[in-house]
Amino acid sequence: MTAETADVRYLVIVSRERPDLFDELKRRFAGDPTVQVLLDRRVGERRQREHARPGERRGRDRREATMHVTASLWLAGYVIVRVR
């Protein structure tokens, strides 16, 4: 393991609609300390307003990332997120 990859971890987020896949991935990655398998805990959209406040610069990037995760969960049943 290189210094560059030493701190890299992965989150595998699994759709609540796929408990079978969650159990399987938990078993497969049980011995790997760099991978954590989680069940998606989101219940609904937390955002109440339609647009970001003026001056809020990060809103769009976060929304795009959330949309990617949501789409992957819906299509594949899971998404893998790299965490540094």
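Seen from ARG18, the other residues with C-beta closer than 13 Å to its C-beta sum to a net charge of -3, counting Lys and Arg as +1 and Asp and Glu as -1. Among ILE80, ILE13, a tally of other beta-carbon atoms within 10 Å of each Cβ gives an order, fewest to most, of ILE80, ILE13. Going from the residue with the fewest nearby Cβ atoms within 10 Å to the one with the most, ARG82, ARG9 rank ARG82, ARG9. Label separation (MET67 vs ASP32): 2.9 nm, computed from points 7 Å beyond Cα along the C-beta direction.
Order these by the 10 Å Cβ neighbour count, fewest first: SER15, SER72.
Fewest to most other Cβ atoms nearby, the residues stand as SER72, SER15.
Coordinate-derived values only; no laboratory data. The structure presented is a predicted model; accordingly, all values stated were derived computationally and were not measured. Methodologically, a virtual Cβ is constructed for each residue, glycine included, from the backbone with ideal geometry; neighbour enumeration extends over all protein chains shown.
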